[in-house]
Each structure stands twice: as C-alpha cells, then as structure tokens.
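Any read-out appearing in this document is the output of simple, stated calculations on the displayed coordinates, not a laboratory observation. Keep in mind the model is a prediction, meaning the values are calculated, not measured. Neighbour counts run over all protein chains shown; Cβ positions are idealised from the backbone, glycine included.
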Amino acid sequence: MILESPIATEKAIRLMELSNELVFKVDERATKKEVKEAVESKFKVKVVKVRLMRTIRGYKKAYVKLSDETPAIDVATKLKLT
C-alpha cells in the first residue's frame, strides 16, 4: 500500500486551502510516479505535481498538488479531515 495515511496538521490544512495540495504519509519505497498513480486512481482526481520528503522521525511524506478542477478541500472532506 503506497498511501499510508493523510496528514492533517495546521500546515497541511493551510496548504490545502492556499495551494490546493494534500499531504500523505507514504511507503518508504514509494516513488513520485507511484504516489501520483495511487492518488489519481483512489480519489479520481488529476495530480499536477508530487514532492517527496523524508522526515526527521523516519517516515516519508508526499505533497500532492491537485489540478484546479478538483479542490483539495473536496478530497479532504471525503477523507474526513475537515
């Protein structure tokens, strides 16, 4: 499973509102392409860009920017984040 869980910190919520981005905790071995395909197939949205980051706590985060046609708030509502 590539997408482990959504992240709902204050920063993640702000990115969702301002930049139309979602933040997920992802598998250690996941690539940008795999994350993009997983998000597009699971939520039926168009992904514009994926950025990956390894945290100091040892897990990997993915910042997923969605296209303008699909607001990140709608996806977050489906995930019960807001």
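Give me the net charge of Arg54's neighbourhood, meaning all other residues with Cβ under 10 Å from the Cβ of Arg54; Lys, Arg count +1, Asp, Glu -1.
Net local charge, Arg54 excluded: +2.
Using the number of other C-beta atoms within 10 angstrom as an exposure proxy, rank Leu66, Leu22 with the fewest first.
Lowest to highest Cβ neighbour count: Leu66, Leu22.
Could you work out which residue, out of Arg54, Arg29, Arg14, moves most in a Gaussian network model of the chain, that is, has the largest mean-square fluctuation with Cα springs under 10 Å?
Taking springs between Cα atoms under 10 Å, the residue moving most is Arg29.
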